[in-house]
Each structure stands twice: as C-alpha cells, then as structure tokens.
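Peer 1: The structure is given below, and queries will be raised subsequently.
The values are calculated or read from the model by the stated rules, or taken from the named source; none is laboratory data. Please read all numbers here as calculations on a predicted model, not as lab measurements. Here the Cβ positions follow ideal geometry from the backbone for every residue, glycine too, while neighbour counts run over all protein chains shown.
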Ligand code: SAH
C-alpha cells in the first residue's frame, strides 16, 4: 500500500497518530519540529523513528536542474516520483526570498499569453509535493548559507491554477503554516488565480492569506480572449464572490494586470478598471508581458508601462509595476514550461 507522506500531515494529524501509539503530545510536538528542522533521526528513540519511517513516506522532490539568473533568481526543475517535473523559482527581494510554487504539472486554463498553458494539464500536485518544493528550495538556500533564508514568502504563481487543485493547495498551506513546522505566516502567502470560480467559492475556508486575481482586462470580451475560462466565469461573478470575503483591516486583493503592447493599455481600459475597483480594497500590480518562444504578444515599452500606471494613479487607483526577474532564464511569470526544459536543456 502507498504510504501517506509525512509532509501532508498537520501537527494535529501527526499527534493523533502518535497518541494512538502511546506517544505523549509533548514528544509529538518535538517530533514535528524535528521533521522540519531536518534533524529527524538525531533525538528520537529508534523504535519510534522506525515506526514513523515504516508508516510515512519521507521523500521530497529531487532537484534535476538549477538555473541561476544574473539578478539572483534561481529556477529549479524538480523531479516528482512518477517522473513528471515542475518548476519552482526563488526570487530575491532585498533581504528576503520569495518562493514561487507550482500547484499542478502543467495547467488546464490555456491562457493565450502563458507558456505553461501550452503544456496542458498533466496532473494535480499532492499537498506533500507542494510542501516538498518549499522545503527543497529552503534547504538549498540553507546549504548556500544565504542569510536571507529565513522563512521565504510564498506565492502560488508557478505552474498551474491553484484553485483548480484547491483541496491539495489548502492542505499544503495548512501544513506550511504549522507554527512548530515551517511556520509560514498567512500574510506571507499569496495565492494567484485566473478566476476559477468554483475554487474562489472555497476561499472562505482558507486561512487569511493574500489573494491575487489575474485580471488583465476589465472587459469580459477582451478578457475571455486572454483567459478562456472567463467565458464561464465572467468578472461580475468573480467580484460577487470577492465581495463576500471577510478581508482584515488593511487587507487588499491584488489585481494583476498583464500589460500587452497595443492591447490593454488604452484610456478606456483605465477608466473601466476604475469602475470595477474604485470602491473595492484593491491594489493593482502591472506585469509587463514576458515573451516566450513562439508567443503571439509583445512586451510594452517601459514608457508605455509608466504611462498606463500614471493613468491609473490619476484615477486614484493604488498601482504598482512588478519588476521582471529571471526572464533571461525563462523563470519569470508565465514562462515556466517544464516539458520544454526536459526537451531542450540549456
Ligand atoms: N494560474 C494562476 C497562477 C499562475 S500565473 C493565475 O493565473 O493567476 C502567475 C501570474 O503570471 C498571473 O498573473 C499570470 O497571468 C501571469 N503571467 C502568465 N503569463 C505571463 C507572461 N507571459 N508574462 C507575464 N505574466 C504572465
């Protein structure tokens, strides 16, 4: 029988298992802590460690390839047990790293501007494979004795639509947030969605992490050309669900706005955006389109990008431009495609 992964266990679940095996709650906590400190074998009695090893699977993804870009971005091609691969990216930001996690092998959304979509969906990742990406990336930083290693922030912006694999993603978040384990805070986690409505409806069961929507156009007819699922889940339905979320004081929803040359940077786009967002707690994050081999769109110039930002700021919308990192190694937003990595190693 397939063993459950130790990295899909919350502390309560592991405690329960250990209690049934006559282990005290106090010792269970120590065990949980040690698992995440990678000191697993050091202080446990042999019989207990044997029992755990017999019951649980301890494997994590293996690093098949590491590519580093000049700006310090590190892209990992991670191998999974069934031979599939996903990409995980570490992005440096001042004194910290952000780790960009994949939630699926490939993606079913088929967004016209995204390289991952070209792979199609191979399969969902298990929560342990998501937690595993984090642990492997963090361990890599530790091995480089990089001081920025402490608790990297997490963004679910790698391969896949996280809300299309909602149960496993939620479980991975619960495990990553365990105070005695990886101890990642909810505000250190951002989940980005293309607007997959059935998943958005489940967000109220999530801890209060940051939510980002890939908006890209305030007009449904343009948006559905970019994000085909908008046909089924138009903006009014998405906003209807978002408005039900109980945001904390000072909490925003981030609206990612992929800026594409000559497509969505007109004054009417800005005006329509303000209609949707003025009375909502919104932060707009402009992402200049990152090209990839064979892409049909073009990146806007820096001037175009600044000009569009000014239009939004003039409409009193809180707006930032996301600086592109790792694009020369195809590690930036929308450039992750682990099939191509497999076929054409650089
Ligand atoms: N499926 C999720 C998360 C993955 S994509 C989502 O759609 O939100 C993470 C972000 O990168 C999204 O905002 C996505 O729209 C953006 N993105 C995709 N392709 C891109 C590209 N070629 N250039 C810049 N950003 C891109």
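Peer 1: Can you tell me which residues in the stretch 241-283 are part of a loop (DSSP other than H, G, I, E, B) and free of Cβ contacts under 8 Å to residues at least 12 places away in the same chain?
Peer 2: Initially, the stretch 241-283 is screened for residues part of a loop (DSSP other than H, G, I, E, B), giving 243-252, 260-266, 278-281.
Of everything in the stretch 241-283, those that are part of a loop (DSSP other than H, G, I, E, B) and free of Cβ contacts under 8 Å to residues at least 12 places away in the same chain turn out to be 249, 250, 266, 279.
Peer 1: Right, next: Go through the stretch 135-155 and give me each residue that's outside any strand (DSSP E or B) and either at positive phi or within 16 Å of the ligand (Cβ to nearest atom) (or both).
Peer 2: Selection gives 145, 151.
Peer 1: Here are 222, 238: which of them is under 26 Å from residue 270 (Cβ atoms), within 15 Å of the ligand (Cβ to nearest atom), assigned to a helix (DSSP H, G or I) and out of contact with any helix residue (DSSP H, G or I) (no Cβ under 7 Å at 6 or more places or on another chain)?
Peer 2: Just one listed residue meets the conditions, 222.
Peer 1: Something else: Residues being closer than 21 Å to residue 203 by Cβ and surrounded by 11 or more Cβ atoms within 10 Å (Cβ to Cβ): count how many of those fall in the stretch 249-279.
Peer 2: The qualifying residues number 9.
Peer 1: What's the total number of residues in the stretch 284-313 that are touching a residue at least 40 places away in the same chain (Cβ under 8 Å) and over 26 Å from the mean Cα position of the chain (by Cα)?
Peer 2: 6
Peer 1: Filter the stretch 103-119 down to the residues that are within 9 Å of the ligand (Cβ to nearest atom) and over 22 Å from residue 298 (Cβ atoms), then identify the one that is farthest from the chain's Cα centre (by Cα).
Peer 2: Within the stretch 103-119, the subset within 9 Å of the ligand (Cβ to nearest atom) is 103-104, 107, 109, 111, 113-117.
Within this subset, residues satisfying the condition of being over 22 Å from residue 298 (Cβ atoms) are 103-104, 107.
Values: 103: 7, 104: 10, 107: 13 Å.
Only one residue fits best here, namely 107.
Peer 1: So is residue 83 without any contact (Cβ under 8 Å) to a residue 24 or more places away in the chain, farther than 23 Å from residue 179 by Cα, in the same structural domain as residue 116 (by TED's automatic domain parsing) and loosely packed, with under 15 Cβ neighbours inside 10 Å or not?
Peer 2: When the stated conditions are applied, residue 83 passes them.
Peer 1: Can you tell me which residue in the stretch 187-205 is surrounded by the fewest Cβ atoms within 10 Å (Cβ to Cβ), limited to those that are modelled with pLDDT of 95 or more and out of contact with any strand residue (DSSP E or B) (no Cβ under 7 Å at 6 or more places or on another chain)?
Peer 2: The qualifying residue surrounded by the fewest Cβ atoms within 10 Å (Cβ to Cβ) is 198.
Peer 1: Turning to a different aspect of this structure: With respect to residue 207, determine if the residue is part of a helix (DSSP H, G or I) and either free of Cβ contacts under 8 Å to residues at least 40 places away in the same chain or over 26 Å from residue 98 (Cβ atoms) (or both).
Peer 2: no
Peer 1: Which residues, taken from the stretch 248-273, are away from the ligand (no atom under 16 Å from the Cβ) and under 26 Å from residue 156 (Cα atoms)?
Peer 2: 248, 249, 250, 251
Peer 1: State whether the residues of the stretch 163-186 include one that is modelled with pLDDT of 95 or more and within 17 Å of residue 91 (Cβ to Cβ).
Peer 2: Checked the stretch 163-186: at least one residue is modelled with pLDDT of 95 or more and within 17 Å of residue 91 (Cβ to Cβ).
Peer 1: Can you tell me which residue is nearest to residue 251 (Cα to Cα) among those in the stretch 284-300 that are part of a loop (DSSP other than H, G, I, E, B) and more than 10 Å from the ligand (Cβ to nearest atom)?
Peer 2: Ranking the candidates gives 300 first.
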